[in-house]
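Notes follow the structure.
The values are calculated or read from the model by the stated rules, or taken from the named source; none is laboratory data. What you are looking at is a predicted structure, and each value in this text was computed from that prediction instead of being measured. Glycine gets a Cβ as well: all are built from the backbone with ideal geometry, and neighbour counts include every protein chain shown.
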Amino acid sequence: MVDLRETPAVPPMDTGGDDRLGFRVAGAVLVVLGWGIADLLNVLLHRAAPTAGLAVGPYTVFPAFGLLGEITFVVGLFTGLIGVGLLWVAESAPRGPLVVPGYPY
């Protein structure tokens with residue numbers, strides 16, 4: 001007879017994974033989305049737009065930055081900074097699974 005209260009539903013597994021890989025991927029994606037697309041593409045579209053405007057899908061991009069262009073730039077800047085922070089965590093964290101201090105494993 002087996003006491004079900006003493007047996008875990010799923011046996012514990014040590015996959016030997018490294019959580020730093022997830023931080024690297026997430027940080028790189030945020031840097032590319034924030035600085036690459038939101039900032040660089042935003043600035044390049046505004047610089048390439050003629051005086052009459054440049055049609056990009058349902059939007060018209062003008063040479064001057066409007067409110068949407070400025071907001072996109074600021075959000076992209078902060079997104080890239082968060083990505084750099086995640087990359088920094090990936091480099092400063094020890095190898096192996098992420099361990100939260102004070103949590104009983």
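How many of the residues in segment 29-68 are more than 17 Å from the chain's Cα centre (by Cα), surrounded by 12 or more Cβ atoms within 10 Å (Cβ to Cβ) and in contact (Cβ under 8 Å) with a residue 12 or more places away in the chain? Summing the residues that are more than 17 Å from the chain's Cα centre (by Cα), surrounded by 12 or more Cβ atoms within 10 Å (Cβ to Cβ) and in contact (Cβ under 8 Å) with a residue 12 or more places away in the chain in segment 29-68 gives 9.
Here residue 34 does not fit the description of being at positive phi and at pLDDT 90 or above. Within segment 61-69, is even one residue in contact with a Gly (Cβ under 8 Å, 6 or more places away or on another chain), closer than 22 Å to residue 32 by Cβ and not in a loop (DSSP other than H, G, I, E, B)? Checked segment 61-69: at least one residue is in contact with a Gly (Cβ under 8 Å, 6 or more places away or on another chain), closer than 22 Å to residue 32 by Cβ and not in a loop (DSSP other than H, G, I, E, B).
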